[in-house]
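**Student:** To start, I am sharing the structure in question, which I have written as structure tokens.
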Amino acid sequence: DFPIKLKGIVDRIDELNGVTRIIDYKTGKVTQTELEIIDWDVIINDYKYSKSFQVLMYAYLYFKNNPNKKSLEGGVISFKNLQNGFLKFATKEGIRSTNKNQQITEETLLLFEKQLFTILLEIFDEKIIFKEKETLF
């Protein structure tokens, strides 16, 4: 019930075979599993999935400004493992599932939006102490 302006600067947006791609370059090592979501709650609760959150945020902002784009993919190119190429964001049904959905659809963005609103409400709640999510190194 209060306005929030969201913005971001994506590293690259291109089109390949009719699919718009949202690409974030990372200087560190990124693995495919960091970009695969099974349970949507992890995207705001587990630092491992911060890259997925970032890619989806860019896709969300892009879609809000380009609602006619129906075919989106997002992912990371990691300079520490360039041999793996473009690591695509994907949703999966389970840990062992080999069936991945790499399309970022309007439904995907609605699921992301729910998580985004959850974290924004937490950030702006004066009763909750603001602290950085812990990382494991």
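The values are calculated or read from the model by the stated rules, or taken from the named source; none is laboratory data. Keep in mind that what you see is a predicted model, and the values were worked out from it rather than measured. Here Cβ is always computed from backbone atoms with ideal geometry, including for glycine, and neighbour counts include all displayed protein chains. Calculation scope for accessible area: heavy atoms of the full protein, side chains included, ligands and nucleic acids excluded. Shrake-Rupley method; radii C 1.70, N 1.55, O 1.52, S 1.80 Å.
**Student:** Can we say Ile129 is modelled with pLDDT under 95 and open to solvent by 80 Å² or more (accessible area, probe 1.4 Å)?
**Tutor:** Numbers: modelled with pLDDT under 95: yes; open to solvent by 80 Å² or more (accessible area, probe 1.4 Å): yes.
Here the answer is yes, as Ile129 does meet what is asked.
**Student:** Moving on to the next point. In segment 54-77, what residues are buried (at least 20 other Cβ atoms within 10 Å of the Cβ) and either without any contact (Cβ under 8 Å) to a residue 24 or more places away in the chain or over 14 Å from Phe112 (Cβ atoms) (or both)?
**Tutor:** Residues satisfying the conditions are Gly75, Val76.
**Student:** Hey, another quick one. Inside segment 78-109, can you point out the residues that are more than 18 Å from Tyr25 (Cα to Cα), assigned to a helix (DSSP H, G or I) and without any contact (Cβ under 8 Å) to a residue 24 or more places away in the chain?
**Tutor:** Result: Glu107, single match.
**Student:** Is at least one residue of segment 39-58 more than 12 Å from the chain's Cα centre (by Cα), at pLDDT 90 or above and in a strand (DSSP E or B)?
**Tutor:** no
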